[in-house]
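The structure appears right after this line, and notes come after that.
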Amino acid sequence: MAQVKDQEKFTYRLWRYDGAPGELIPLLQSAQDHFGYIPRRAISYISSVTGIPESDVYGVITFYSQFRLRPMGKYVVRACAGTACHVSGAKAIIETIEDELGIEVGDTTEDGLFTLNTVACIGCCSLAPVIMINDDTHGRLTPASLRKLLREYRRREEAARSEGTGSQEAAGSRADGE
Amino acid sequence: MARKKRAKKVIVGMGTCGLSAGAQSAYDKFEEILDANPGSFELSRTGCFGMCFCDPLVEVRENGARVFYAKVTPELATEIYKSHIEGGKVLEDHVAYSRDAAGEGGTEADYLALQRRIVLRNCGTIDPESIEEYEAAGGYAALKKALSEMSPDEIIEEVTESGLRGRGGAGFPTGFKWSLAAKQDSDVKYVVCNADEGDPGAFMDRSVLEGDPHSVLEGMAVCGRAIGASFGYIYCRAEYPLAIRRLTIAIDAAREKGYLGENIMGSGFDFDIKIKQGAGAFVCGEETALFASIEGQRGMPRIRPPFPAEKGLWAKPTNNNNVETYANVPWIIVNGASAYAACGTEKSKGTKVFALAGKVRRGGLAEVPMGTTIHDLVFKIGGGIKNGKKFKAVQMGGPSGGCIPAAMDDTPVDFESIPATGAIMGSGGLVVLDETSCMVEIARFFLEFTQSESCGKCTFCRIGTRRMLEILTRITMGEGVPEDIEKLEKLGRQICETSLCGLGQTAPNPALTTIRYYRDEYEAHIDEKRCPAGACTALVDFFIDPDKCTGCTLCARKCPVEAISGEKKKPHVIDNDKCVRCGQCVTSCKFDAIYTK
Ligand SMILES: Cc1cc2nc3c(=O)[nH]c(=O)nc-3n(C[C@H](O)[C@H](O)[C@H](O)COP(=O)(O)O)c2cc1C
Ligand code: FES
């Protein structure tokens, strides 16, 4: 697997921090990669290493929609609410996800499997309506095909769980070009 | 190794668009076939060719002749292998586009006939992860020329002469912008590439980054030489993981080959590039907010002057251009300014890439000479409207733009004509709307977007957009009052005048242009409580298509007010007097049988 080489670990990044300005957002991004969200203690830790006041760190976190202060599900479903998707029925798509998963936009399912967010545009407008599940993009959806897709994820997860091992790999079988 | 090259090459389009349509399974199938029949063909991947409506797209290339197959499933992959690759017989029924070795004739040739590929010259043709293929296509020749044969002033002159204008929206002359940064006396300067692509409905920057990342790196390096900068940043939105990965690969490869780094090609010129990921904020596409974001702060716009050329990133002289702008540069350096200026209109030179999306039959990317009409884009390239519906308008320029009605579709696309309609060029997103799109609803949609993306610095932008959104929402709910239209116009003008950055200055555009061209639709909502397009759920009726309904009873069970009735296994019907228009039936139907009118 050709993972991006420089997806450095959070701690490594902090350890390497040399006071160069502009590192705050990359630090937060690696913290979020590492924990799945940005926990309280990461804020204190980043603040103590960089000397940036906690309140400023917090201000940056809340400005950008990418950052989460609460844990996210294993699968982050990002439903596109962009223009092309909007005129191709994104509203029904988002409502279908909410209904299928039993959560609202911004929430995480109780089993910690799915988090639902909306994004402005995924850049696959010609395949609208589009959603992303983690890094995989799915296009030309209808409410019916979407339900099937989400159930497929859930089924795969359950199968992996009942086997007791390797759920991580089973879940990671993604179609992102490798 | 002097092994003879295989004649046939299979190339799978693997941009994000191709992958989301299933390109990976097509690729896997070809790989499996190749494993079973080693050496029978060559397998490779490429970026987006622009024909997204055909995704997954697979090309079979032989001695210069190209055949593109549409919607390739694993089954079709097997057929292509048997018939075309083994048997030499093209599967005509599945061909999306073909071209013989001389580059002429073939199927669906009109899709590309009007196009002129400068920015997209390599997209969908070369493997974006291979620097060798980029070099073979003439890559890095521009950098070589710029470093060995041209002085920085000559580079700037060439770009100025070409008439290239910024593709990020405003159309600022690129050569002039470079000359401003070049004039500054500073030991440190920066080259920034704006790859934030915030307009929902635009995806050309993504396609260039995924399909031809080196062209952007090369353009940035040439710019660095011209203005005297030795460091560049690409600010790419985090929603584009594949673009970021391909850029990372490209930067590593360019460093290894000595196109980036110290003393490039022995010229004494140093230049390196770093990627910064955006974190999801539309306003960060605005250049001063973008600098703040790279610096690790909240992405709030700054007051200009000082302009970026004087004090930009880290308060150093900075040149910021859009992805597409940089991708044009190598072509201009190699082919010369006059070749570029030969294309386009008097004041808008060259080409522009448009992202066709929405209700158009052939959605995808199209690169056309400036001055092409909207009609040609929608009908000749886009193939007209989906499902035999009527063309109503195009939305251009995203949340800062406006709607241009079908009656004005002879408007040429360039930096003069489009703003005259009240819309803007923007980054080139062209969302096609048909008779089922409600213009009030579209305006509401964009206000919702700008309202939530307003950074909150300017009062009118922060609160004014909220008021406008409230008014538009109540109109679409059938609760509008007659004064609403005037109120919208007044608020709109005030927001335009009192906002610091482009976000606020343009946020009212979608509402103002739709009022200008579709006042009657606003009035129908307000006076008659009717949505002429049948799109505002609060004002429409729901129906079940008896041909699609299987009588599974699911919708009847979901309906909170028991408005749906029917026998098991027979088509159901909706009683619109009882219906509360919640839309639950639409989302629960497994057969997509419910529609609104
Ligand atoms: C709210 C707002 C959002 C913008 N978003 C983008 C964007 O996503 N991409 C972009 O290239 N330019 C964007 N711009 C324009 C940039 O500020 C800047 O003008 C542009 O990147 C300059 O590049 P150019 O000269 O090559 O066009 C935006 C401007 C505003 C006001
Ligand atoms: S609008 Fe949904 S992918 Fe662009």
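Of note:
- Considering (1) more than 12 Å from ligand 1 (Cβ to nearest atom); (2) assigned to a helix (DSSP H, G or I); (3) crowded, with 20+ Cβ neighbours inside 10 Å, the lone condition that B:Tyr233 does not fulfil carries the number (2).
- The test for being farther than 25 Å from B:Pro532 by Cα and in the same structural domain as B:Met150 (by TED's automatic domain parsing) does not hold for B:Gly371.
- Members of the range B:342-366 found to be closer than 24 Å to B:Pro173 by Cβ and assigned to a loop (DSSP other than H, G, I, E, B), listed by number: B:Ala342, B:Cys343, B:Thr345, B:Glu346, B:Lys347, B:Ser348, B:Gly350
- The number of residues in the range A:119-137 being open to solvent by 10 Å² or more (accessible area, probe 1.4 Å), away from ligand 1 (no atom under 16 Å from the Cβ) and among the aliphatic types (A, V, I, L, M) comes to 1.
- Filtered by the rule that a residue be closer than 25 Å to B:Asp199 by Cα and more than 7 Å from chain B (Cβ to nearest Cβ), the range A:105-131 gives A:Val105, A:Gly106, A:Thr115, A:Leu116, A:Asn117, A:Thr118, A:Pro129, A:Ile131.
- Set side by side, the residues B:Tyr235, B:Tyr240, B:Tyr190 differ, and just one is within 16 Å of ligand 2 (Cβ to nearest atom) and hydroxyl-bearing (Ser, Thr, Tyr), which is B:Tyr240.
Residue-wise test of (1) within 16 Å of ligand 2 (Cβ to nearest atom); (2) without any contact (Cβ under 8 Å) to a residue 60 or more places away in the chain; (3) more than 14 Å from chain A (Cβ to nearest Cβ); (4) closer than 12 Å to B:Thr318 by Cα.
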position: B:Ser148; (1), (2), (3), (4): no, no, yes, no
position: B:Ser162; (1), (2), (3), (4): no, no, yes, no
position: B:Ser179; (1), (2), (3), (4): no, yes, yes, yes
position: B:Gln184; (1), (2), (3), (4): no, no, yes, yes
position: B:Arg225; (1), (2), (3), (4): no, no, yes, no
position: B:Phe231; (1), (2), (3), (4): no, yes, no, yes
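- For the condition more than 20 Å from B:Asn122 (Cα to Cα) and open to solvent by 10 Å² or more (accessible area, probe 1.4 Å), B:Lys257 does not qualify.
- Any hit, the range B:238-254, residues being open to solvent by 40 Å² or more (accessible area, probe 1.4 Å), in contact with a helix residue (DSSP H, G or I) (Cβ under 8 Å, 6 or more places away or on another chain), of a type in the set (Asp, Glu) and modelled with pLDDT of 95 or more: no
- Qualifying residues in the range B:393-407 (those that are open to solvent by 10 Å² or more (accessible area, probe 1.4 Å) and without any contact (Cβ under 8 Å) to a residue 60 or more places away in the chain) - the one nearest to the other protein chains (Cβ to nearest Cβ): B:Ala406
- Matching helices (runs of 4 or more DSSP H) fully within the range B:102-214 where at least 1 residues are open to solvent by less than 10 Å² (accessible area, probe 1.4 Å) and within 15 Å of ligand 1 (Cβ to nearest atom): B:152-162, B:174-183, B:204-211
- Residue that is farthest from B:Gly426 (Cα to Cα), among those in the range B:265-302 that are open to solvent by 50 Å² or more (accessible area, probe 1.4 Å) and not in a loop (DSSP other than H, G, I, E, B): B:Gly266
- Per-region count, the range A:64-118, residues within 16 Å of ligand 2 (Cβ to nearest atom) and open to solvent by less than 10 Å² (accessible area, probe 1.4 Å): 12
The values are calculated or read from the model by the stated rules, or taken from the named source; none is laboratory data. Computed from a predicted model, the values in this text were never measured in an experiment. Cβ sites come from the backbone with ideal geometry, for glycine too, and all protein chains shown count toward neighbours. With ligands, DNA and RNA removed, areas are computed over all heavy atoms of the protein, side chains included. Shrake-Rupley method; radii C 1.70, N 1.55, O 1.52, S 1.80 Å.
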